[in-house]
Amino acid sequence: MNYGYIGLGNLGAHLAMSLVKAGFSVTVNDLNKENARDLVAAGAKWGETPKAVAAASDAVMTCLPSPRASEAVLTGPDGVLAGLQRGGTWIENSTLGRDETLRLAAIAAEHGVETLEAPVTGGVHLAAQGKITVLAGGDK
């Protein structure tokens, strides 16, 4: 299983690192490439765009600061949906409202991409320890 992770801020970088430390193949991206330095040193690969991350992945996780950012990364011309193959999965770790999540999931479904809503709780300190709680929801 190849994962992509986009959004390497205080929380996302720790979540992505947990995947790397667990031995998963992870390709990462962030607006600030410096945020990926430790991840790449630990074995993650860098993807130049969200599209490139998605093209290298079976599932792409996003942890972004706003619904607008999530939509842009998902649907933009170099976005996740431009690179993720049909049957792939978008896993949203960002905290979005129900209506936004359903709207974006419908757009993903039009591209043959499943959505898993997976916001997290516990804070950055627990994410750094690999002990954060993920609240996963989606179709069986």
Q: Heavy atoms only, probe 1.4 Å: what % of the accessible area of the chain goes to carbon and sulfur, would you let me know?
A: 53
Q) Under 15 Å from the 7 Å Cα→Cβ point of residue 85, by amide nitrogen: which residues of the stretch 24-50? A) none
Q. Counting only complete DSSP H runs, which helices of the chain cover 15 Å or more along their long axis at the Cα atoms and score a mean Kyte-Doolittle of -1.0 or above?
A. 98-110
Q. If you take every DSSP beta bridge whose two residues both sit in the stretch 41-140, what share of them, in percent to the nearest 5, is antiparallel?
A. 25
Q) Loop-only check: which GluC sites (Glu not before Pro) in the stretch 1-77 are DSSP coil with at most 11 other Cβ within 10 angstrom? A) 48
Q: For residue 2 and residue 31, compute 0.36 nm times the residue count separating them, minus their Cα-Cα distance, and round to one decimal in nm.
A: 8.3 nm
Q | Local electrostatic count, residue 56, Cβ distance below 13 Å [Lys/Arg +1, Asp/Glu -1] | A | 0
Q. Any idea of residue 135's accessible area? Nearest 10 Å², probe 1.4 Å.
A. 90
Q: Would you tell me the accessible area of residue 111, worked out with a 1.4 angstrom probe on the heavy atoms of the protein chains, in Å² to the nearest 10?
A: 80
Q.
So with the 1.4 Å probe, I'd like the accessible area per residue for the chain, rounded to whole Å².
A. 53
Q.
What does the extension gain come out to for residue 68 and residue 22, with contour length at 0.36 nm per residue minus their alpha carbon separation?
A. 13.5 nm
Q | the chain: relative contact order in percent, alpha carbon pairs under 8 Å with at least 6 residues between | A | 22
Q: Counting helices only, and only those DSSP H runs with n ≥ 4, report the 222 nm mean residue ellipticity of the chain as the sum of -39,500 (n - 2.57) divided by its residues, in deg cm²/dmol to the nearest 500.
A: -10000 deg cm²/dmol
**Q.** Distance between the stretch 80-140 and the stretch 35-74 - C-alpha centres, whole angstrom
**A.** 13
Q. What aspartates and glutamates could a cross-link reach from residue 33, if we take a straight Cα to Cα line under 15 Å and drop same-chain neighbours fewer than 8 places away?
A. 48
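The values are calculated or read from the model by the stated rules, or taken from the named source; none is laboratory data. Remember, predicted model here, so these are calculated numbers, not experimental data. Here Cβ is always computed from backbone atoms with ideal geometry, including for glycine, and neighbour counts include all displayed protein chains. Only protein heavy atoms, including side chains, enter the accessible area calculation; ligands, DNA and RNA are left aside. Shrake-Rupley method; radii C 1.70, N 1.55, O 1.52, S 1.80 Å.
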